[in-house]
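Everything on this sheet refers to the single structure shown next.
Here, each number is a calculation from the coordinates, and none is a lab measurement. Please read all numbers here as calculations on a predicted model, not as lab measurements. Every residue, glycine as well, gets a Cβ built from its backbone with ideal geometry; the counts of neighbours run over all protein chains shown.
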């Protein structure tokens, strides 16, 4: 009997560092192909999948704080870095037979479509994976906020946040072996305790739209598939 996904339409938030493999810098083609293979696998489940990708493996606007480049210019550079990652991810996905569309919040028709909500939804309905780049198109917003916003706009059933740890902890598990992982959290507790799994704006957007968030380890075998199938994986955030 074929596995039946719990979620029909999914927004996957990928960090730019995931494309940089171990160093977290630049684009590691082997890492990109590995991610694409996992995405191709879940695409075969019939899930409608949109992806927001970060740009931290190339550049972050915050890197320039106090160094002669103002925040607006720095954020614009960071948004353009996500487009570079989006182009790379699109190409490796299509090399594995996945039909894709790349849409950007900053118009650049030579390489991508502009983000148009109805067009994005139509692509999803036709079985295409849609990669959403350039953040919100505005400075001062993180790619987590862009992911939450796009998830709300396309009426996603869940937002999956891929990280390099297996959920949300009460302390940094890489520094504290006694750190405790939460299986479930409410939006309120994430905001109240300042758990920093995502910025407050992103969490608030999800809370207002009753959009569940699953935080999980991207590198754990089968983790994306398990999350989409509704199996317990990582940390589930939802409810008050």
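Points worth noting:
- When the chain is treated as a Gaussian network with alpha carbon springs shorter than 10 Å, the biggest mean-square fluctuation among 221, 107, 212 belongs to 221.
- Listed peptides 157-163, 177-183, 4-10, 112-118 by packing density, highest first (mean Cβ within 10 Å): 157-163, 4-10, 112-118, 177-183
- Highest GNM mean-square fluctuation among 199, 170, 99, for the chain modelled with Cα contacts below 10 Å: 170.
- Two-decimal ratio, the stretch 10-237, of alpha-carbon radius of gyration to 2.2 N^0.38 Å: 0.96
- Taking 7 Å steps out from each Cα toward its Cβ at residue 122 and residue 25 produces label points 4.4 nm apart.
- Cα gyration tensor shape for the stretch 45-90, rounded if a/c is under 1.5, else prolate or oblate: prolate
- FRET efficiency, residue 171 to residue 67 (Cβ-Cβ, R0 30 Å, nearest 0.05): 0.45
- In the chain, helices alone account for a calculated mean residue ellipticity at 222 nm of -10500 deg cm²/dmol, with every DSSP H run of four or more residues adding -39,500 (n - 2.57).
- Residues of the stretch 192-228 with an amide N closer than 12 Å to a point placed 7 Å from the Cα of residue 240 along the Cα-to-Cβ direction: 207-210.
- Counting neighbouring Cβ atoms within 10 Å and putting the fewest first, the residues 79, 63 line up as 63, 79.
- As a proxy for reagent exposure, 166, 75 were ordered by neighbouring Cβ count within 10 angstrom, fewest first; the result is 166, 75.
- Most mobile of 122, 150, 101 in a GNM of the chain (Cα contacts under 10 Å): 122
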